[in-house]
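The values are calculated or read from the model by the stated rules, or taken from the named source; none is laboratory data. These numbers were taken from a predicted model, which means no experiment stands behind them. Positions of Cβ are generated from backbone atoms using ideal geometry, with glycine treated the same way; all protein chains shown enter the neighbour counts. These accessible areas exclude ligands, DNA and RNA; they are computed on the full protein's heavy atoms, side chains included. Shrake-Rupley method; radii C 1.70, N 1.55, O 1.52, S 1.80 Å.
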Amino acid sequence: MKVFSELAKPDERTLRFTSMGLSLGGMLHQDDALAFQRSQIADAVLTEAVPADLRNSFERLRDKHSSRAPAPAGEWT
């Protein structure tokens, strides 16, 4: 079982995605990676055809993703 510090640490793969695409030669600092990922989903707009329950789940996950701290255990259910 992983300890909280391991769960809160960003995956190296996410640190390699930059505004220029996948970087094989380096990684973003975790704060820069978080800012980049937030910017990618901040303005996403779901079409009206998306059902309300899915729309609500998307908004909840977008809010969670935008939060710096990971969700407490059990909050994702």
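Listed values, structure above:
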| item | result |
| --- | --- |
| Matching residues, region 5-51, being part of a helix (DSSP H, G or I) and in contact (Cβ under 8 Å) with a residue 24 or more places away in the chain | Leu7, Ala8, Leu34, Gln37, Arg38, Ile41 |
| Number of positions in region 30-45 that are out of contact with any strand residue (DSSP E or B) (no Cβ under 8 Å at 6 or more places or on another chain), among the small types (Gly, Ala, Ser) and either within 16 Å of Lys9 (Cα to Cα) or open to solvent by 50 Å² or more (accessible area, probe 1.4 Å) (or both) | 3 |
| Single residue of region 1-17 satisfying the filter (over 21 Å from Arg62 (Cβ atoms) and of a type outside the set (D, E, K, R)) that is most open to solvent (accessible area, probe 1.4 Å) | Met1 |
| Extreme residue, surrounded by the fewest Cβ atoms within 10 Å (Cβ to Cβ), among residues of region 46-67 that are within 15 Å of the chain's Cα centre (by Cα) and of a type in the set (Asp, Glu) | Asp63 |
